[in-house]
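The values are calculated or read from the model by the stated rules, or taken from the named source; none is laboratory data. If you're wondering where the values come from, they're calculated on a predicted model, not measured in any experiment. In this analysis, Cβ positions are derived from the backbone assuming ideal geometry, glycine residues included, and neighbour counts consider all displayed protein chains.
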Amino acid sequence: MAPRMSSTANGGHRPQKAAMLLAQRIIRDVQSERLKPGDHLEPERDMLERYATGRGTLREALRFLEFQGVIVIKPGPRGGPILIDPTASHLASTLVLLMELKQAPFRNIVEVRTALEPMISRLAAERISDESLADLGGTIDQMRDHLDNQDLFLEANQRFHDIIAWSSGNTLFGYIVDSLLGILDGTVIGIDYPSPRRAAILKAHEEIHQALLSRDPQASEDRMRDHINAYVKYAERKFPEVLDQVIRWDRAAV
């Protein structure tokens, strides 16, 4: 008699927990019913009947969805599970944790930026809205107004890259860049940006903004590549040891 094959050996998957399966069913129903952020899910008693499940399994499924940032559970008679617009914070936390466990250095983040952001900028030149272009200009104004305040300057810097990523029209690019905003500049592990460097960043952002205003994909890609390459050269010259550091999960601003 042939030995019995395990589910993983014959190409299948291990059985999933009931709560995970239920969470997936809830999300499928949310999609099919076209619910939007701010909409309430059904009360617990209705969900218990609808999904023919136990209270413990349902609550575990809802806690899982809350942990993933899909819902928020509000207490009280008018509370319950409410859909919210997911942010990239959960993805950010997971990525930083995985990088620490793999002992992946900050240089990996730098390589991702070098590969992705010029392409993202090219796409944004073709797809960015007038409203987002105006928001982009606002970040440049903030950077200019706060050139002597590194914290406010870098806050606007992050927003600049976030707007471009989401303006690419590619949701995955948006979430990837958004999830990494807290660690992209490397300040969490010691990279510093004195006034001359901040002035250079501002000039680069102005050039990228102008290329996007012109709806010029090639110029937008080239200017972003120049900007990222200048950032890499600065980091390698001034903070070579930082590039090989591992970002700790408990220190990351995610």
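Which ones in the stretch 216-231 are crowded, with 16+ Cβ neighbours inside 10 Å and out of contact with any Asp or Glu (no Cβ under 6 Å at 6 or more places or on another chain)? The answer is ASP216, ALA219, SER220, GLU221, ASP222, ARG225, HIS227, TYR231.
Inspection of the stretch 80-89 finds no residue satisfying the criterion of being buried (at least 20 other Cβ atoms within 10 Å of the Cβ), among the acidic types (Asp, Glu) and out of contact with any Lys or Arg (no Cβ under 6 Å at 6 or more places or on another chain). For the stretch 148-184, filtered to residues that are in a loop (DSSP other than H, G, I, E, B) and in contact with a helix residue (DSSP H, G or I) (Cβ under 6 Å, 6 or more places away or on another chain), the residue that is surrounded by the fewest Cβ atoms within 10 Å (Cβ to Cβ) is GLY169. The residues listed here are ILE163, ILE176, ILE208; of these, the one that is in contact (Cβ under 8 Å) with a residue 60 or more places away in the chain and under 20 Å from LEU91 (Cα atoms) is ILE176. Sub-6 Å Cβ pairs linking a first residue in the stretch 224-245 that is within 17 Å of LYS203 (Cβ to Cβ) and modelled with pLDDT of 95 or more to a second residue that is small (Gly, Ala, Ser) and assigned to a helix (DSSP H, G or I), at least 6 apart or interchain, are MET224/SER121; HIS227/ALA204, ordered by first then second residue.
Of all residues assigned to the stretch 201-211, none qualifies as being in contact with a Phe, Trp or Tyr (Cβ under 8 Å, 6 or more places away or on another chain), in a helix (DSSP H, G or I) and over 21 Å from ASP135 (Cα atoms). Taking helices (runs of 4 or more DSSP H) as the structural unit, those lying wholly within the stretch 31-102 and holding at least 1 residues that are within 30 Å of ASP250 (Cα to Cα) and of a type in the set (Phe, Trp, Tyr) correspond to 55-67.
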